[in-house]
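Report on the structure given below.
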Amino acid sequence: MPNVQQFKLHQSASQKQRQSLKLSQKQIMSVNLLAMSTQDLRNDIYEFAARNPALEITDDALEAGTKNVTEHSFFSDNTRYGRATEQGKIASDNFQSALEANEDTRKTLSEHLELQFLSMKLSPAERELGLRLIHNLDRNGFYILSPESFLHDGSGMEEYNILEATIDKIRQLDPVGTCVKNFEESLYVQAKFKGNAPEAALFILDGHFNFLNPPQPSKILKKINDYLKDTGKLSFLSEEKQQSLKKIKSMHLTEEDIQNALDFIRTLDPFPAKNFGTEQPNFISPDVYVEPVPEEDDDLQNGIVSATNNRSYKITLARDSLPSMRISRRFSSLAEKDTSSLGSDAKSEQEKADIKFARNSVQEAKTYMDSIAFRESTLEKATAEIIRNQSAFFEKGPRYLAPLRQKDIAGAIGVHEATISRMANAKYLQCQWGLFKIGYFFTNAVRTENTSSILAQMKDSPAASKEAVKFEIQSILRAHADEKKALSDQKVSDLLAEKGIIIARRTVAKYRSELNLASSYDR
């Protein structure tokens, strides 16, 4: 009898431990707001207020005719958010002259669209008409004049067809959804372009955007059903509109369909052109002001920071560019109502839904305001640490900028390095030496020496920042600008060595190029 090989099954258990970090919705909102410039945050506040009725804009110093309110709104950490203090306004006036010549050099929307449009295969009529349409758009990508105004008197159907075809081509350029009359049409164009939009979403965006107020599926569904009932007998609707109505009726929409439509609409951008520059120059304004003060007390609550050179500086956040806001008293009152005493009839159920909506809106608005408070707190704390680490710069000027890492600031204020990176993004600091990007204060070290010995060059030696070295290069070239023979990069390297800064000729060439300074041959 042949041997039979026996198989045994063995079962074992093992455990693996893994750590993962998931950001909450509040944390995601906080880091997103932290990375925004003041202008982007301003736009975002208005967009959020348009979406969430629980957040009210109470005052805006930049908008003429805005009503002032006597009450002040507070964040959860009791930091008042609104107008800057009188001292901040004085500081702003003192530094106003430094704001000139800081032009926003972002590519404009018309430049971006024109480059794409001209790369397409176009007829002469489409080319001429398309360029007119592109330069007829405002900063949001919306029409300034009606597109029909660009047609000649007596234009026939062929010209209208060319106009519609040209508009359709521009609408599909990046960013999708420009060359429209308003944000509602932009959302509809984006939805059509995606190709996977729910029919309910297309129906809502096609002239029925008001159905979204309030954005509750039950109420939206009722409005749609009432509309379908009232328009069923109308004969003057276009054939396309009638087909759309028939399609919606045949679907027998449910609240789940409406919720899916709402989720899809939230993925669209009502202002797709917001990241582009404008035709006219924009002037960059500071996000934070730093000025020397005679006091020596270190009190960050009052914006006073003591540096290592026994000098004190006043930090003032530029809040004047942002609107004041508060939680709606009506929504707060509604959110605090008790639902336990309500019955189960239709009226009570409607009241419960209203209370639930108010609670969600108030909570979301509070989270948004807390996130802005976190942005301000991080910016103020980081600025204070920059002052402490760059005290020589604030006292003597750019030549004395010291090497500084984002990691060092993050450790000092107890946040992640990525948080400091977002904080420094697109933000500016105004001081007595001018207007600087906050990222300017984070610079690498360049080896220097105090003695002329070869041994000293081989070991660790005092360090200067990259920006300080570039400042020295610029100063040397400026001092020798009138000489007949322009200084070579090697000669500049030798002069730097005399000052204790040891860098190679090719490094001089690199820094000179970053300063947009010509070579000795071109000079």
Just checking, does segment 126-135 include any residue being modelled with pLDDT of 85 or more, closer than 23 Å to residue 269 by Cα, in contact with a Lys or Arg (Cβ under 9 Å, 6 or more places away or on another chain) and open to solvent by less than 80 Å² (accessible area, probe 1.4 Å)?
no
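Would you check if residue 383 is surrounded by fewer than 19 Cβ atoms within 10 Å (Cβ to Cβ) and touching a residue at least 12 places away in the same chain (Cβ under 8 Å)? First the steps, then the outcome.
On the way: surrounded by fewer than 19 Cβ atoms within 10 Å (Cβ to Cβ): no; touching a residue at least 12 places away in the same chain (Cβ under 8 Å): yes.
No, not satisfied.
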Out of the helices (runs of 4 or more DSSP H) lying entirely within segment 123-229, which hold 1 or more residues that are within 30 Å of residue 54 (Cβ to Cβ)?
183-194, 199-205
For segment 333-363, what are the residues that are open to solvent by less than 70 Å² (accessible area, probe 1.4 Å), out of contact with any Leu (no Cβ under 6 Å at 6 or more places or on another chain), over 26 Å from residue 48 (Cβ atoms) and among the hydroxyl-bearing types (Ser, Thr, Tyr)?
339
Taking segment 26-50, which residues are basic (Lys, Arg) and either farther than 18 Å from residue 362 by Cβ or open to solvent by less than 50 Å² (accessible area, probe 1.4 Å) (or both)?
42
Of all residues in segment 265-302, which are modelled with pLDDT of 85 or more, under 30 Å from residue 136 (Cβ atoms) and either in contact with a strand residue (DSSP E or B) (Cβ under 6 Å, 6 or more places away or on another chain) or not in a loop (DSSP other than H, G, I, E, B) (or both)?
265
Quick check on residue 305: is it open to solvent by less than 20 Å² (accessible area, probe 1.4 Å), at pLDDT below 80 and touching a helix residue (DSSP H, G or I) at 6+ places or on another chain (Cβ under 9 Å)?
yes
Has segment 319-328 got at least one residue that is touching a helix residue (DSSP H, G or I) at 6+ places or on another chain (Cβ under 6 Å) and over 30 Å from residue 47 (Cα atoms)?
no
Mind checking which residues of segment 167-187 are out of contact with any Phe, Trp or Tyr (no Cβ under 9 Å at 6 or more places or on another chain) and either among the aliphatic types (A, V, I, L, M) or without any contact (Cβ under 8 Å) to a residue 60 or more places away in the chain (or both)?
167, 168
Restricting segment 242-259 to residues that are open to solvent by 70 Å² or more (accessible area, probe 1.4 Å) and of a type in the set (Asp, Glu), the one nearest to residue 208 (Cα to Cα) turns out to be 255
Report whether or not residue 366 is open to solvent by 20 Å² or more (accessible area, probe 1.4 Å), touching a residue at least 60 places away in the same chain (Cβ under 8 Å) and more than 22 Å from residue 51 (Cα to Cα).
no
Residues in segment 402-437 that are in contact with a Gly (Cβ under 6 Å, 6 or more places away or on another chain) and open to solvent by less than 20 Å² (accessible area, probe 1.4 Å) total 1
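The values are calculated or read from the model by the stated rules, or taken from the named source; none is laboratory data. As the structure is a computational prediction, the values presented were derived from the model and not from experiment. Because the Cβ atoms are built from the backbone with ideal geometry, glycine has one as well, and the counts that use them run over all protein chains shown. Ligands, DNA and RNA are stripped out before the accessible areas are found, and what is left, the full protein with its side chains, is counted by its heavy atoms. Shrake-Rupley method; radii C 1.70, N 1.55, O 1.52, S 1.80 Å.
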